[in-house]
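Here is the structure we will look at.
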Amino acid sequence: MDSGRERSRGDRPVRSREHCYAEIQDGGLRLAAGVVRLLHALSVGFGLGPNDFQAYMLLRIEGPMTPGEIAQCLRLATGSVTALIDRLEARGLVTRAPHPADRRKVVVRPAELTDAAPASALPENIRAAMLALHARYSEAELEVIADWLRRATETLHTLAAGDGR
């Protein structure tokens, strides 16, 4: 049985599946921490608190939601989401509209982009840095990365829908 971390394939070492998984797990945790730090920096740059920025980005990515759905996705109390929506609405970042199927509810939508709103989900400097990173990979490698990201995101959504453990 191969207990070594690496074997040789031609002129490049081949790591065991276990070693690769350990690197992916560690790298994933580091990536998550980096994303949290970046989102916090972006929230400060836009003059929003972290929860307000997360809610705004959630609406930009997922589309219109009810306040209850926002609360569930971000694991926030419904009362704090009402205040959060009030702050975003005061900044012109979201609008409220009657729910089309239930008149007791409202739907929160990201407002049309204006000078008050972030220009895109990714500011240009971040987009440029990521494009430079992606330039290092072939199209086939990018397809594998994109597939992994889709599947990892689905897994994370499933885990988050539970109790997070």
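Residue-wise test of (1) open to solvent by 40 Å² or more (accessible area, probe 1.4 Å); (2) free of Cβ contacts under 8 Å to residues at least 60 places away in the same chain; (3) outside any helix (DSSP H, G or I).
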position: Leu31; (1), (2), (3): yes, yes, no
position: Gly34; (1), (2), (3): no, yes, no
position: Ser80; (1), (2), (3): yes, yes, no
position: Arg87; (1), (2), (3): yes, yes, no
position: Val107; (1), (2), (3): no, yes, yes
Taking region 125-142 and keeping residues over 15 Å from the mean Cα position of the chain (by Cα) and either over 18 Å from Gly28 (Cα atoms) or exposed (fewer than 10 other Cβ atoms within 10 Å of the Cβ) (or both) leaves Asn125, Ala128, Ala129, Leu131, Ala132, Leu133, Ala135, Arg136, Tyr137, Ser138, Glu139, Ala140
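The values are calculated or read from the model by the stated rules, or taken from the named source; none is laboratory data. Everything numeric in this text was worked out from a predicted model, so none of it was measured. Glycine gets a Cβ as well: all are built from the backbone with ideal geometry, and neighbour counts include every protein chain shown. When the accessible area is computed, the model is the full protein with side chains, heavy atoms only, and any ligands, DNA or RNA have been set aside. Shrake-Rupley method; radii C 1.70, N 1.55, O 1.52, S 1.80 Å.
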